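Visitor: Dumping the structure here so I can ask a few things about it.
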Amino acid sequence: MAKGFGLGFATTKPLHNRPPLKPGKVSPKSPVPANIRKPPYADKGNFPPWADRSQVHNEEGKRKMRASGRLAARVLEYAGSLVRPGITTDEIDKAVHAMIIENGAYPSPLNYGKFPKSVCTSVNECVCHGIPDDRALEEGDILNIDVTVYLDGHHGDTSRMFYVGEVDPAAKKLCEVTQEALLEAIKKCAPGVPYNVIGKTIQNIADKHKYGVIRDYVGHGVGASFHSHPTIFHYKNTQPGVMQLGETFTIEPMIVQGGIKCDTWRDNWTVVTKDRGLCAQYEHTILITETGADILTRVDA
């Protein structure tokens, strides 16, 4: 994942009234039946190198990507239906794991670089890669659930925000603007369009609302490999390259209330904003088509 820099719109005032996020107890990872097809990293828990070429698909590949994207969307919708005050993110993880397995797929995050769970759950100031644990969700929290499934040799990757009970209007606005930024960026995608149009579009919307755009984490090519070229920066940049017909990649902006500097917890995964500003993220896997881009990670895709 790319590293970046910058301060965003930092402020000395408290950014929200949520209690600080703290590590909870992490339960053992859920088992995967022997009949489930696994990605290459699943047993060893290594970080596979990012493939240096875009993942461009023939018709069979497109069909498989649509199927994995559709399943990821269904799982995410189900996970969101569980969100309520009092439930733990560990309980959500177990439910997600069971649904993915029941559908003959593998939960892509599980043991990727030794990540111990089947889904990422990022609460409040957590930017990304939150590890499900025994912390109960509280009224007023905002939560990103990030689901990736490996079905028939192809990954489908998606995430979105969920509200836990009644949420502060400022937190809700942050989520709404982040979703708007993602959807507007997708509208710009088509064959021959520079990748850097994505970052410009997202940054312009964030700037309008005086939000910061996280630079340390990026979108990516996705398909038979979990991560590959292109690297999708969500801020204004001069990245070379243009979108190719038939390629698939994610767009997944992380937008914050305050500064964009991050800290990583000792678990080597959980990323939080340094100033504890809230963060929102929305993500889709898209396919570049002759007329633009198809969102693969929708229930009706």
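Visitor: Select from the stretch 47-66 the residues that are assigned to a helix (DSSP H, G or I) and open to solvent by 20 Å² or more (accessible area, probe 1.4 Å) and list them in ascending order.
Guide: Matches in the stretch 47-66: Glu59, Glu60, Lys62, Arg63, Lys64, Arg66.
Visitor: Also, quick follow-up: Is it the case, given these coordinates, that Leu15 is under 22 Å from Gly219 (Cβ atoms) and of a type outside the set (Gly, Ala, Ser)?
Guide: Numbers: under 22 Å from Gly219 (Cβ atoms): no; of a type outside the set (Gly, Ala, Ser): yes.
Considered against the rule, which asks whether it is under 22 Å from Gly219 (Cβ atoms) and of a type outside the set (Gly, Ala, Ser), Leu15 comes out as no.
Visitor: If you check Gly277, Gly199, which single one turns out to be at negative phi, part of a loop (DSSP other than H, G, I, E, B), open to solvent by less than 10 Å² (accessible area, probe 1.4 Å) and of a type outside the set (Val, Ile, Thr)?
Guide: On inspection, the qualifying residue turns out to be Gly277.
Visitor: Among residues belonging to the stretch 212-250 that are open to solvent by 30 Å² or more (accessible area, probe 1.4 Å) and in a strand (DSSP E or B), point out the one that is farthest from Ile260 (Cα to Cα).
Guide: Of everything passing the filter in the stretch 212-250, Val242 is farthest from Ile260 (Cα to Cα).
Visitor: Still on this structure: List the strands (runs of 3 or more DSSP E) that sit entirely inside the stretch 80-185 and contain at least 2 residues that are within 26 Å of Arg70 (Cβ to Cβ).
Guide: Values: elements: 120-123, 126-128, 142-151, 154-163.
Counting at least 2 such residues, we get 120-123, 142-151, 154-163.
Visitor: Here's another thing I want to ask about it. Is it the case, given these coordinates, that Val119 is closer than 25 Å to His229 by Cβ, touching a helix residue (DSSP H, G or I) at 6+ places or on another chain (Cβ under 8 Å), at pLDDT 95 or above and surrounded by 24 or more Cβ atoms within 10 Å (Cβ to Cβ)? Quick ask: steps written out before the conclusion?
Guide: Numbers: closer than 25 Å to His229 by Cβ: no; touching a helix residue (DSSP H, G or I) at 6+ places or on another chain (Cβ under 8 Å): yes; at pLDDT 95 or above: yes; surrounded by 24 or more Cβ atoms within 10 Å (Cβ to Cβ): yes.
Considered against the rule, which asks whether it is closer than 25 Å to His229 by Cβ, touching a helix residue (DSSP H, G or I) at 6+ places or on another chain (Cβ under 8 Å), at pLDDT 95 or above and surrounded by 24 or more Cβ atoms within 10 Å (Cβ to Cβ), Val119 comes out as no.
Visitor: Can you tell me which residues in the stretch 25-46 are hydrophobic (A, V, I, L, M, F, W, C) and open to solvent by 40 Å² or more (accessible area, probe 1.4 Å)? So that I can check it myself, show each step before the final result.
Guide: Quick first cut of the stretch 25-46, residues hydrophobic (A, V, I, L, M, F, W, C) only: 26, 32, 34, 36, 42.
Once the filter is applied, which keeps residues that are hydrophobic (A, V, I, L, M, F, W, C) and open to solvent by 40 Å² or more (accessible area, probe 1.4 Å), the stretch 25-46 yields Val26, Ala34.
Visitor: To continue, here is another question. Note down all Cβ pairs under 8 Å where the first residue falls in the stretch 67-94 and is open to solvent by less than 50 Å² (accessible area, probe 1.4 Å), the second is part of a helix (DSSP H, G or I) and not hydrophobic (A, V, I, L, M, F, W, C), and they're at least six residues apart or on different chains.
Guide: Close Cβ pairs (under 8 Å, with a partner that is part of a helix (DSSP H, G or I) and not hydrophobic (A, V, I, L, M, F, W, C)) amount to Leu82/Glu91.
The values are calculated or read from the model by the stated rules, or taken from the named source; none is laboratory data. This is a predicted model, so every value here is computed, not measured. Here Cβ is always computed from backbone atoms with ideal geometry, including for glycine, and neighbour counts include all displayed protein chains. Note: areas computed on protein heavy atoms with side chains; ligands, DNA, RNA excluded. Shrake-Rupley method; radii C 1.70, N 1.55, O 1.52, S 1.80 Å.
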